[in-house]
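Chemist: Got a structure for you, written out below as structure tokens; questions coming shortly.
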Amino acid sequence: MPETSSRTAPPTLRWVGDALTGTLELLDQTRLPGEVVTLTCRTDDDVFGAIRRLSVRGAPAIGVSAAYGLVLGVQQALAPAPGPLSGGRAEFDAALAASAEKLAASRPTAVNLFWALARCRRALSAEPDLAPADALARLLAEAREIEAEDRAMCAAIGRHGADLLPEFPPPGDGPDGELGLLTHCNAGGLATAGDGTALAVLFEAHRRATEAGRRVRTYADETRPLLQGARLTAWELTRRGVPTTVLCDSAAASLLATGRVHAVVTGADRVAANGDAANKIGTFPLAVLAHRFNVPFYIAAPTSTFDRDLASGDEIPIEQRDAAEVLNYGDLRTAADGAEAYNPAFDVTPANLITALVTERGVIPSPTTAAVGAHLAGA
Ligand code: MRU
């Protein structure tokens, strides 16, 4: 996959060109914060690989990338060399199905992946009479629409989430009047097409506080083992001038005990019908701690992250990742020889530990199956 590096940060993802010859550019998140490298995906295999090795990651960004990956998959199948698409609509549909099947196997937990693939396929099966070239243009239009909607969802989530936060935080042991917000992993602009989900809330809280002459301090769990918090979240927050403190995941209890944190806000990869929410490993213990210290625990996620087909979080498939991520530090083995690894990429926070779910539609306080169902009605 071709790479280019630059000093200024390009967007998380960007489609360049038309439906027949365009490419998907991705900011390679495995290289941040040290290097700003853009990957150019020309095939759905390129997109598959980028999702799999976390060059692009975060539930909504995975969904948007997969939608563009379908366009590349059809291009590659029906126009492997420059020129018009070969074959008729049957060949187009077969190429689309094969590409969707391939991309669906990239990562199992974030439901936005499956949601975006299904949405693109539905859009095309609703127009069976389109000729292949028009069908490909329609596919690209659907992917662009998913991207644009995601951007708008992030902005709405930011506003709804910030509305939940106290305007004047109760004094803690930190500097008086400073609103402390703790997050885990990266649910920011790097994980979405917009400003993020949890981070959109933090950005909006910071914007409002600054306007009112008050201060916000964000706390980013480093997020072992791949350090999305230290590498990506702290990068996003500091670039935008938001005061940021990084902590080891295991320091969260002692931080919460100081009273400096007024709310915990994270994203999600899949929310079940009863409000149980899968997110990056380490989110569940944070919810337990927040409960222990009486700090509100919010999960911010677009409705595309909800999976109404799963009654509870017990049914959410959890990705198990390579042992080397836990046993090594980079290429250096740090665990004792012979030790094995437990490396689930996500855990499930039960709904009864979630103070509220925040979506682009508003807020679901104390989520239950009935409340989630009512919130999603018509979505
Ligand atoms: O393994 P990752 O980095 O893809 O995990 C990402 C997360 O857990 C995010 O918190 C989640 O996708 C929310 S993104 C807005």
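Chemist: Can you tell me which of 267, 69, 87 moves the most in a GNM of the chain? Springs connect C-alpha atoms under 10 Å apart.
Modeler: Result for the chain, Cα springs under 10 Å: 87 fluctuates most.
Chemist: Output wanted: per-residue J couplings in Hz (rounded whole) for the range 48-58, from phi through Karplus 6.51 cos²θ - 1.76 cosθ + 1.60, θ = phi - 60°, x for Gly and Pro.
Modeler: For the range 48-58, the Karplus-derived couplings read 3, x, 5, 5, 4, 9, 6, 5, 10, 7, x Hz, x marking Gly and Pro.
Chemist: From the backbone phi of the range 92-105, what are the Karplus-calculated ³J(HN,Hα) couplings (6.51 cos²θ - 1.76 cosθ + 1.60, θ = phi - 60°) in whole Hz, Gly and Pro given as x?
Modeler: Calculated HN-Hα couplings, in order: 4, 4, 5, 5, 5, 5, 5, 5, 4, 5, 4, 5, 5, 8 Hz.
Chemist: Quick one: Debye curve from the alpha-carbon atoms of the range 3-152 only, equal weights, vacuum; give me log10 I(q)/I(0) at q = 0.10 Å⁻¹ to two decimals.
Modeler: So the normalised log intensities are -0.31.
Chemist: Can you give the relative contact order of the range 3-152 as a percent, counting alpha carbon pairs under 8 Å and 6+ residues apart? Each step should come with its number before you reach the end.
Modeler: Working: 224 pairs, mean separation 35.1, N = 150.
The normalised contact order for the range 3-152 reaches 23 percent.
Chemist: If you don't mind, there's one more thing I want to ask. For n ≥ 4 DSSP H runs only, could you compute -39500 (n - 2.57) per run for the chain, divide by its residues and tell me the 222 nm figure to the nearest 500? List each step's numbers first, then the result.
Modeler: On the way: 11 runs with 141 residues, N = 379.
Dividing the helical sum by the residues of the chain leaves -11500 deg cm²/dmol.
Chemist: From Cα pairs below 8 angstrom and at least 6 apart in sequence, can you work out the relative contact order of the range 86-177, rounded to a whole percent? Intermediate results must be reported in sequence, preceding the final value.
Modeler: On the way: 30 pairs, mean separation 22.9, N = 92.
Dividing the mean separation by the residue count of the range 86-177 yields 25 percent.
Chemist: Continuing with this model, one more query. Would you mind classifying the chain by shape? Square roots of the alpha carbon gyration tensor eigenvalues, ordered a ≥ b ≥ c; an a/c under 1.5 is rounded, otherwise it is prolate if a/b is larger than b/c and oblate if not.
Modeler: In terms of gyration-tensor shape, prolate.
Chemist: Report the accessible area of residue 163, computed with a 1.4 Å probe over the heavy atoms of all protein chains in place, in Å² rounded to the nearest 10.
Modeler: Surface accessible to solvent at residue 163 totals approximately 100 Å².
Chemist: Pull up all non-local amide H partners of residue 281: gap of 5 or more, or a different chain, and H-to-H distance under 5 Å with H placed in the peptide plane.
Modeler: Here 346, 347 satisfy the definition.
Chemist: To continue, here is another question. Let me have the relative contact order for the range 157-376, percent, based on Cα pairs under 8 Å that are six or more residues apart. If you can, show how the numbers build up before the last one.
Modeler: Details: 461 pairs, mean separation 46.2, N = 220.
Dividing the mean separation by the residue count of the range 157-376 yields 21 percent.
Chemist: Among DSSP beta bridges lying fully in the chain, give the percent that are antiparallel, nearest 5. Intermediate results must be reported in sequence, preceding the final value.
Modeler: Values: 25 of 45 bridges.
Around 55 percent of the beta bridges assigned by DSSP in the chain are antiparallel ones.
Chemist: Which residue, 358, 64, 288, has the most motion in a Gaussian network model of the chain that connects Cα atoms within less than 10 Å?
Modeler: Looking only at 358, 64, 288, the biggest GNM fluctuation is shown by 288.
Chemist: Amide H of residue 267: which non-local residues (sequence gap of 5 or more, or other chain) have their own amide H closer than 5 Å, using H built in the peptide plane?
Modeler: 184, 198, 300
Chemist: For a protection proxy built on the mean count of beta-carbon atoms within 10 angstrom, sort 19-26, 220-227 highest first, please.
Modeler: On the way: 19-26: 19.8, 220-227: 22.1.
Per-residue Cβ counts within 10 Å, averaged per peptide and sorted highest first, yield 220-227, 19-26.
Chemist: Please work out whether the range 157-376 counts as rounded, prolate or oblate from its C-alpha gyration tensor, where a ≥ b ≥ c are the square roots of the eigenvalues and a/c under 1.5 means rounded, while otherwise a/b larger than b/c means prolate and anything else oblate?
Modeler: Judged from the Cα gyration tensor, the range 157-376 comes out oblate (a/c at least 1.5, b/c at or above a/b).
Chemist: Still on this structure: Please list, ordered by chain and number, the residues whose modelled amide H lies under 5 Å from the amide H of residue 217; skip anything fewer than 5 residues away on the same chain.
Modeler: Amide H neighbours of residue 217, under 5 Å, 5+ apart: 179, 180, 181.
Chemist: When the accessible area of the chain is computed with all protein chains present and a 1.4 Å probe, what percentage of it is carbon and sulfur? Walk me through the intermediate numbers first.
Modeler: Details: 8250 of 15450 Å².
Carbon and sulfur atoms account for 53 percent of the accessible area of the chain.
Chemist: If you don't mind, another one. Between the range 275-324 and the range 246-263, what is the separation of their alpha carbon centroids in Å?
Modeler: Using only Cα atoms to place each centre, the spacing works out to 19 Å.
The values are calculated or read from the model by the stated rules, or taken from the named source; none is laboratory data. Computed from a predicted model, the values in this text were never measured in an experiment. Ideal geometry is used to build each Cβ from the backbone, glycine not excepted, and the neighbour counts take in all protein chains shown. Each accessible area value is taken on the protein alone, full model and side chains, heavy atoms only, with ligands, DNA and RNA left out. Shrake-Rupley method; radii C 1.70, N 1.55, O 1.52, S 1.80 Å.
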